[in-house]
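Peer 1: The following block contains the structure, expressed as structure tokens.
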Amino acid sequence: MSHTLSREIAMKRLYAETVGGVDTVEDALEQSEHAALSDEDALFSDHLYEGVSAHLSEIDAEIESHAKDWSIGRIAKVDLSILRVAVYELLYERNIPVGATVNEAVELAKVFGGEKSAGFINGVLGAVAKVH
């Protein structure tokens with residue numbers, strides 16, 4: 001089982017919500033290169049999405065405190081969605097290795113973010129990981 005697709009789906013759902021839409025797992029999956037999501041990965045994706053939603057204010061405060069000179073409103077929506085999933089994992093999913101969380105977020109940034117997204121996300125997550 002790989003949680004890569006689970007994270008991508010959770011990120012896409014959060015992104016849709018951030019820009020004023022609502023995506024289901026199926027909607028996000030249709031926008032993906034992948035044809036299917038295992039039941040276990042679908043549950044994990046839902047868990048991530050719901051976890052971020054439940055802890056959004058704490059997660060955003062953590063992001064803002066480690067994103068030097070960047071307010072939540074200035075961070076690109078895709079980058080913010082990726083960061084929210086990863087920071088949720090760093091703060092609340094102690095059974096997931098920090099390196100896996102950071103690496104997966106950076107890879108998502110390379111695919112979906114802008115030219116500088118991967119470096120920005122790596123820096124913010126590195127700072128979060130140092131204090132948690």
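Peer 1: Pairs please, first residue from the stretch 111-127 and touching a residue at least 60 places away in the same chain (Cβ under 8 Å), second anywhere and surrounded by 15 or more Cβ atoms within 10 Å (Cβ to Cβ) and among the polar types (S, T, N, Q), Cβ atoms under 9 Å, 6+ apart in sequence or on different chains.
Peer 2: Taking only residues 6 or more apart or on different chains, the pairs are PHE112/SER81.
Peer 1: Then there is this: Small (Gly, Ala, Ser) and surrounded by 13 or more Cβ atoms within 10 Å (Cβ to Cβ): does that describe ALA54?
Peer 2: Taking the combined requirement at face value, the residue does not satisfy it.
Peer 1: Now for a separate question. Can you give me the ranges of the helices (runs of 4 or more DSSP H) entirely in the stretch 9-75 with at least 2 residues that are at pLDDT 85 or above?
Peer 2: It comes to 39-54, 56-66.
Peer 1: Take the residues in the stretch 104-132 that are of a type in the set (D, E, K, R) and either touching a helix residue (DSSP H, G or I) at 6+ places or on another chain (Cβ under 7 Å) or within 14 Å of SER65 (Cβ to Cβ) (or both); name whichever of them is surrounded by the fewest Cβ atoms within 10 Å (Cβ to Cβ).
Peer 2: Within the stretch 104-132, the match that is surrounded by the fewest Cβ atoms within 10 Å (Cβ to Cβ) is LYS130.
Peer 1: Answer with yes or no whether ASN95 is out of contact with any strand residue (DSSP E or B) (no Cβ under 7 Å at 6 or more places or on another chain) and not in a helix (DSSP H, G or I).
Peer 2: yes
Peer 1: From GLU64, GLU104, GLU58, grab the single residue that is free of Cβ contacts under 8 Å to residues at least 12 places away in the same chain and either at negative phi or of a type in the set (A, V, I, L, M, F, W, C) (or both).
Peer 2: None of the other options fit; the residue is GLU64.
Peer 1: Another question, if that's okay. Please enumerate the residues belonging to the stretch 73-103 that are more than 12 Å from the chain's Cα centre (by Cα), open to solvent by 30 Å² or more (accessible area, probe 1.4 Å) and over 16 Å from VAL131 (Cβ atoms).
Peer 2: Across the stretch 73-103, the qualifying residues are GLY73, ARG74, ALA76, ASN95, PRO97, GLY99, ALA100.
The values are calculated or read from the model by the stated rules, or taken from the named source; none is laboratory data. A quick note: this is a predicted structure, and the numbers were derived from the prediction, not measured. Neighbour counts are summed over all protein chains in view; Cβ atoms, including those assigned to glycine, are modelled from backbone coordinates with ideal geometry. Keep in mind that these areas ignore ligands, DNA and RNA; they rest on the heavy atoms of the full protein, side chains included. Shrake-Rupley method; radii C 1.70, N 1.55, O 1.52, S 1.80 Å.
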